[in-house]
1. Among all residue pairs at least 6 apart or on different chains, which show Cβ distances below 6 Å where the first residue, located in the range 1-28, is in contact (Cβ under 8 Å) with a residue 40 or more places away in the chain and the second is hydrophobic (A, V, I, L, M, F, W, C)?
2. Identify the single condition in (1) loosely packed, with under 10 Cβ neighbours inside 10 Å; (2) modelled with pLDDT of 95 or more; (3) of a type in the set (Lys, Arg) that Arg58 does not satisfy, given that it satisfies every other one.
3. Based on this model, can you work out whether Glu17 counts as acidic (Asp, Glu) and over 16 Å from Met1 (Cβ atoms)?
4. What tally of residues in the range 1-16 results from selecting those that are in a loop (DSSP other than H, G, I, E, B) and open to solvent by 70 Å² or more (accessible area, probe 1.4 Å)?
5. Could you list all residues from the range 30-55 that are under 12 Å from the mean Cα position of the chain (by Cα) and outside any loop (DSSP other than H, G, I, E, B)?
6. Picking from Arg70, Arg58, which residue would you name as being within 17 Å of Ile16 (Cβ to Cβ) and of a type outside the set (Phe, Trp, Tyr)?
7. So, of the residues in the range 17-46 that are in contact with a Ser or Thr (Cβ under 8 Å, 6 or more places away or on another chain) and under 14 Å from Gly73 (Cα atoms), which turns out to be least open to solvent (accessible area, probe 1.4 Å)?
Amino acid sequence: MLLVGEQHDAAEHQHIEQEVIAALAARDQLAAVALEMADAGASTAALKPSATEEQVRRALQWDNKGWPWRAYGPAVMTA
């Protein structure tokens, strides 16, 4: 398990998260990603890898006002 933290208003931190996710996925070492931004029980497990951003946002019940998708979406979609 790898725990990655961030400062929410630091764009570079979200970029680093995306890079970590991409690196783990490339090595077939990414089993799951847990997000504090997703409501308990919300999951993308039923979605196909080709799911659109809108499908992912709906599945995660994403609150764009509290967590701007532009900041976190790239890491989520990489996962």
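The values are calculated or read from the model by the stated rules, or taken from the named source; none is laboratory data. Since the model is a prediction, treat every value here as computed from it, not as a measurement. Cβ atoms come from the backbone with ideal geometry, glycine included; neighbour counts cover every protein chain shown. Note: areas computed on protein heavy atoms with side chains; ligands, DNA, RNA excluded. Shrake-Rupley method; radii C 1.70, N 1.55, O 1.52, S 1.80 Å.
1. What qualifies is Gln14/Ala71; Glu17/Val4; Glu17/Ala75; Gln18/Ala75; Ile21/Ala75; Ile21/Ala79.
2. With (1) loosely packed, with under 10 Cβ neighbours inside 10 Å; (2) modelled with pLDDT of 95 or more; (3) of a type in the set (Lys, Arg) applied to Arg58, the lone miss is (1).
3. Values: acidic (Asp, Glu): yes; over 16 Å from Met1 (Cβ atoms): no.
Criteria not met by Glu17.
4. Count: 6.
5. Once the filter is applied, which keeps residues that are under 12 Å from the mean Cα position of the chain (by Cα) and outside any loop (DSSP other than H, G, I, E, B), the range 30-55 yields only Glu53.
6. Values: Arg58 fails: within 17 Å of Ile16 (Cβ to Cβ).
Within the list Arg70, Arg58, the selection yields Arg70.
7. So in the range 17-46, the residues in contact with a Ser or Thr (Cβ under 8 Å, 6 or more places away or on another chain) come out as 18, 21-22, 25.
Narrowing further to those that are under 14 Å from Gly73 (Cα atoms): 18, 21-22.
On the way: Gln18: 53, Ile21: 21, Ala22: 44 Å².
Step by step, filter the range 17-46, then rank; the result is Ile21.
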